[in-house]
1. Go over the candidates Lys363, Lys344, Lys358 one by one and state the one that is open to solvent by 40 Å² or more (accessible area, probe 1.4 Å), away from the ligand (no atom under 15 Å from the Cβ) and over 20 Å from Asn293 (Cβ atoms).
2. Would you point out the residue of segment 169-181, among those that are open to solvent by 10 Å² or more (accessible area, probe 1.4 Å) and in contact with a helix residue (DSSP H, G or I) (Cβ under 7 Å, 6 or more places away or on another chain), that is nearest to Lys207 (Cα to Cα)?
3. So in segment 227-256, with the set limited to residues that are within 12 Å of the ligand (Cβ to nearest atom) and assigned to a loop (DSSP other than H, G, I, E, B), which one is surrounded by the fewest Cβ atoms within 10 Å (Cβ to Cβ)?
4. Which members of segment 109-139 meet the condition of being part of a loop (DSSP other than H, G, I, E, B), more than 22 Å from the chain's Cα centre (by Cα) and of a type outside the set (Phe, Trp, Tyr)?
5. If you scan segment 275-316, which residues turn out to be in contact with a strand residue (DSSP E or B) (Cβ under 6 Å, 6 or more places away or on another chain) and open to solvent by 30 Å² or more (accessible area, probe 1.4 Å)?
6. Look at Leu224 and say whether it is touching a residue at least 60 places away in the same chain (Cβ under 8 Å), more than 13 Å from the ligand (Cβ to nearest atom) and assigned to a helix (DSSP H, G or I).
7. Of the residues that make up segment 205-219, is at least one touching a Gly at 6+ places or on another chain (Cβ under 7 Å), within 16 Å of the ligand (Cβ to nearest atom) and not in a loop (DSSP other than H, G, I, E, B)?
8. Can you name the helices (runs of 4 or more DSSP H) wholly within segment 364-432 that have at least 3 residues being within 19 Å of Thr322 (Cα to Cα), outside the structural domain of Ala347 (by TED's automatic domain parsing) and in contact with a His (Cβ under 9 Å, 6 or more places away or on another chain)?
Amino acid sequence: MKLCMIGTGYVGLVSGVCFSDLGNDVICVDKDKNKILLLQNGKIPIYEPGLTELMVKNYKNKKLKFSNDLKKSVKESDIIFICVGTPTKKKSISADLRQVYNAVKEVAKSINKFKIIVTKSTVPVTTGDKIEKILSKKNNKNKFSVVSNPEFLREGEAIRDFIYPDRIVVGSNDKKSSKILKNLYNPLISKGAQFLLTQRRAAELIKYASNSFLATKITFINELANLCEKTNINIEDISIGIGLDKRIGGRFLRAGPAYGGSCFPKDTKAIISTANKFKANLSLVKSVIKSNNNRSKLLLNRVSDILNKKIKNKKITFLGVTFKANTDDMRDSSSLIMIPFLSKKGAIIKYYDPTGEKKELNKIKNVSYENSIKKAVKNSDLVILHTEWNDFKSINFKNLSKKKKFIIYDMRNIYSPEKINKQGLKYFSIGR
Ligand code: UGA
């Protein structure tokens, strides 16, 4: 099939590359000329394991192209995927859909034969209806169909999530398009992926409901971790103990810092905004947002307790600052709350991250980047393990703390308390 991906962010680039690898002819379009040049030169603007190799392979095979020319690319394609960003509006909780509607207006001018317009961007319920309206201003209704096909990729695991999805959701009110989309995904369905065909509005809501549910699961285990700390119970046992119940399931039950990233914080807010619009009350999701917002403060109180309430002039090291491992993404990372707070209280902060220095932390007083774990922890009073990179799992703390003993606060529970204590270091973790 001939596919056009509009937007070469996470969703557009990963899906475009993976669709081309399944044998389709794919054009990835972006307004940003520098980004397109970069991609044409075999480089990607994001950190995603395995993506560069797969992209270069398919670019060389000519199954994958990159272009700035939206109109031409749309004309040459059968299915148009809208993969642009839907960030939270400034001073609001609702999704900013300007990029989606701008793209659709361009598409509307380029429909030369039957096209399926698919939203892969996360868009609120009824966006498909509005897209249909925009397209029908310039085109006859039998020239296009609007479908919702939300994406469930995780950063850092995106290729695997694309190739082996738990499910593929297609929301379509028209049989012809449903059949075409099912055919497109057939290579994945034949390997075991579930295919759910539903109404367009339902597919739009499934995406928000999934992210909100996962955010709720994480928040639930984080709150239980607080209780475990007070009752001397190991949260890991609770996660296993409840996760073994198949109705609950063991995944996304790792207690840690506040959840972050470009999706959960944004989508939990946007679903509330949709619910408000339709006068429904999602009180549970509202509590999740509140609890998650409080979480960084709570962990910072713990940091203060660990340091006997003396943060001023203390040397604090952060290992990992991104919102999770295997990504360079800093969006809504809890480190962006913790580091400025500790700096304000007079701490001297060093950090190391496998994906390098972060511009978001550049201007904060007394914060500096070190290019190795060894340099980052040297002379430290407190080492905070913030992100669960594999690189940190086998650190030899005994060697690193020879000259000066530091305290470890493991916010991802990746170390064994017994082992670290044996090395003569004070160790704190989450919910145990
Ligand atoms: C999330 C969803 O998992 C994807 O299915 C979805 O496609 C994506 O959003 C999206 O809407 O585009 P992502 O934001 O990449 O993916 O990251 P997750 O792996 O879900 O992690 C989100 C946050 O939850 C991170 O801060 C992570 O550290 C935290 N988390 C996750 C926990 O604290 N505990 C867990 O057990 C799992």
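The values are calculated or read from the model by the stated rules, or taken from the named source; none is laboratory data. Because the structure is predicted, anything quoted here is derived from the model rather than measured. Every residue, glycine among them, receives a Cβ derived from its backbone with ideal geometry; neighbour counts consider all protein chains shown. To get the accessible areas, we keep the full protein, side chains included, count just its heavy atoms, and leave off ligands, DNA and RNA. Shrake-Rupley method; radii C 1.70, N 1.55, O 1.52, S 1.80 Å.
1. Numbers: Lys344 fails: over 20 Å from Asn293 (Cβ atoms); Lys358 fails: open to solvent by 40 Å² or more (accessible area, probe 1.4 Å).
Just a single option satisfies the conditions, and that option is Lys363.
2. Selected residue: Ser172.
3. Of everything passing the filter in segment 227-256, Arg251 is surrounded by the fewest Cβ atoms within 10 Å (Cβ to Cβ).
4. Lys109, Ser110, Ile111, Asn112, Lys113, Thr126, Asn139
5. Hit for segment 275-316 is Lys315, nothing else.
6. Details: touching a residue at least 60 places away in the same chain (Cβ under 8 Å): yes; more than 13 Å from the ligand (Cβ to nearest atom): no; assigned to a helix (DSSP H, G or I): yes.
Judged against the criteria, Leu224 is not a match.
7. no
8. On the way: elements: 373-377, 397-400, 417-422.
Passing ranges: none, list empty.
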